[in-house]
1. Return a yes/no flag: does segment 159-166 have any residue that is away from ligand 1 (no atom under 16 Å from the Cβ) and at pLDDT below 95.
2. Cβ-Cβ below 6 Å, separation at least six or inter-chain, first residue in segment 306-324 and among the hydrophobic types (A, V, I, L, M, F, W, C), second part of a loop (DSSP other than H, G, I, E, B) and surrounded by 15 or more Cβ atoms within 10 Å (Cβ to Cβ): which pairs?
3. Which pairs do you get when a residue that is farther than 16 Å from Gln325 by Cα, found in segment 359-382, comes within reach of a residue that is part of a helix (DSSP H, G or I) and of a type in the set (Ser, Thr, Tyr), reach meaning Cβ atoms under 7 angstrom, with the pair 6+ apart or on two chains?
4. Open to solvent by less than 20 Å² (accessible area, probe 1.4 Å) and either of a type outside the set (S, T, N, Q) or not assigned by TED's automatic domain parsing to the domain that holds Val316 (or both): is that true of Val392 in this structure?
5. Tell me which residues, restricted to segment 213-243, are within 16 Å of ligand 3 (Cβ to nearest atom) and closer than 23 Å to Leu198 by Cα.
6. Check whether at least one residue in segment 273-287 is assigned to a loop (DSSP other than H, G, I, E, B), open to solvent by 50 Å² or more (accessible area, probe 1.4 Å) and within 16 Å of ligand 1 (Cβ to nearest atom), and report yes or no.
7. Name every residue in segment 302-320 that is at negative phi and either of a type in the set (Gly, Ala, Ser) or over 22 Å from the mean Cα position of the chain (by Cα) (or both), in order of residue number.
8. Could you grab the pairs with beta carbons closer than 6 Å, sequence gap of 6+ or different chains, first residue in segment 61-79 and open to solvent by less than 10 Å² (accessible area, probe 1.4 Å) and within 16 Å of ligand 1 (Cβ to nearest atom), second one among the charged types (D, E, K, R) and part of a helix (DSSP H, G or I)?
Amino acid sequence: MTRSVFPTSLPVERPVDGVKRFHIWTIGCQMNEAESAKAAALLRQAGYVSALREEDADIVIVNTCVVRQQAEEKAAGHIGALARLKQRNPNVRIAVTGCMVTGQEEKLSARFPHVDLFYGPSEFERLVEIAPELRDVDFDLAELPHYYDEGTSDPEVTAFVPIIYGCNFVCSYCIVPYRRGRERSRPMADIVAEVERLAARGVREITLLGQTVNAYGHDLPGQPDLADLLAAVHEVDGIERIRFLTSHPKYFSDKLIAAIRDLPKVCEHVNLPVQSGDNEVLRRMRRNYTVEYYRERIAKIREMIPDVTLSTDIIVGFPGETEEQFQHTYQLLEDIRFDKVHVAMYSPRPGTLSARWEDDVPRAEKRRRHQAIEKLQEQICRERNERYRGQVVEVLVDGMARGRWRGRTRGNTLVFFESPDSWKGKLVHVRITQVSPWYLLGELIEPQTSHGGVQQYVAVSR
Ligand code: SAH
Ligand code: SF4
Ligand code: F3S
């Protein structure tokens, strides 16, 4: 899982006298986004409303990430800056959560004495300590993102649903297992019930989440797997699309590929981090597979789902990575031609195995490798997106951005189009007129059924 975002989509409500307000700042992966959404849902249920600015909030939550040093520094900088807010307004309650907190509470409270509460990932019950109103809230029923755009009553179109917490792998560079613990799957019935409630709220697309999402179920009675869960969630009326993140190559079974192929709501998009294209580096990363194994899995996925889109994660500048080993990664990306690649420069994380090895690839060299991959990938994305030109794609519209409607194809490619009408939450058809490496532009068309019952598409001009 790789995406750092947030306050962007945090909606705002007008202040009402006597009503308490909260603000949540989030960095890190989609699991963090999901947990921030849950904290927001809980606080709303306890009568709080959201505030756009931290200065206007009674409760400020900072949700942190430590996957790379840069993320950790950003979060620490943000927490540090809140000392001034606390000075001006001693009544504000400040909470810090996320992966920075696990096992570090003592150290952190000495470093940031202005913080009222440190709570680990998913420890929502502890919010009661700063929001006593939460005592009356049913924590199980409040697991819904409950976000509304400013000034409208439109619910969110897409939602994240955690299905498995933690990670049982111990990749040598990765801090996640130390901060998120061992794998714990949620019971299938709980997940399905949550998805049903989301659908009733108007959510159209769900993304099932886990650090190793396809390890789902091995710890549950009867050992259901991700394919079984996809089939169960597929039954929920109102849900139009299902995605899942992040898969580990080791568990990407033929059964799972068949489920993606056979379940119409499951999008033909696979995010399968490879990390390196060199066997020696993979061995030292403790990834548990070889490049040949990975290539075989990709070949199988493409054979069974010909129109699949693929994305991956890469780390450059791992300790000891030679130019030749880097070239193997470059070659792999040239061969596979992913639709999206998240590339990160190696960052030693305290407590991990590789942090004991010399971080011997110089920063400038890491940057060069990073840029080489970005450049290659830009070219590949540009070429791959060309196939959409003139084509009609199905888009789930999730909102507006700079005056245009925005949505994604089933393959997860961003699409923008213009229309004076309201399309949020709708599945529409768009004919692609312009192509870039990062998104597509097109014009809205509406389906018409011809005499033979075959769908044709006509451009809508209003
Ligand atoms: N569970 C997922 C990814 C979890 S972390 C997997 O197995 O791939 C998200 C991404 O951060 C990883 O894919 C990796 O590319 C990157 N990452 C993790 N630790 C890192 C480190 N120490 N330095 C640089 N990038 C790192
Ligand atoms: Fe980290 Fe590896 Fe687990 Fe992914 S599979 S979260 S990279 S330890
Ligand atoms: Fe996610 Fe960052 Fe933790 S990527 S699991 S929030 S270290």
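The values are calculated or read from the model by the stated rules, or taken from the named source; none is laboratory data. Every value quoted in this text rests on a predicted model; they were computed, and no experiment measured them. Cβ atoms come from the backbone with ideal geometry, glycine included; neighbour counts cover every protein chain shown. Just the protein is used for accessible areas: all its heavy atoms, side chains included, with ligands, DNA and RNA removed. Shrake-Rupley method; radii C 1.70, N 1.55, O 1.52, S 1.80 Å.
1. yes
2. Pairs found: Val308/Glu268; Leu310/Phe338; Leu310/Asp339; Ile315/Tyr346; Phe318/Tyr346.
3. Sorted first by the residue in segment 359-382, then by its partner, the pairs are Leu376/Tyr330.
4. Numbers: open to solvent by less than 20 Å² (accessible area, probe 1.4 Å): no; either of a type outside the set (S, T, N, Q) or not assigned by TED's automatic domain parsing to the domain that holds Val316 (or both): yes.
Judged against the criteria, Val392 is not a match.
5. Filtering segment 213-243 down to residues within 16 Å of ligand 3 (Cβ to nearest atom) leaves 213, 215.
Of everything in segment 213-243, just one residue is within 16 Å of ligand 3 (Cβ to nearest atom) and closer than 23 Å to Leu198 by Cα, namely Val213.
6. yes
7. Taking segment 302-320 first, the residues at negative phi are 302-316, 318-319.
Correct list: Arg302, Glu303, Met304, Ile305, Pro306, Asp307, Ser311, Phe318, Pro319.
8. Short answer, once both residue conditions are applied: Val66/Glu72.
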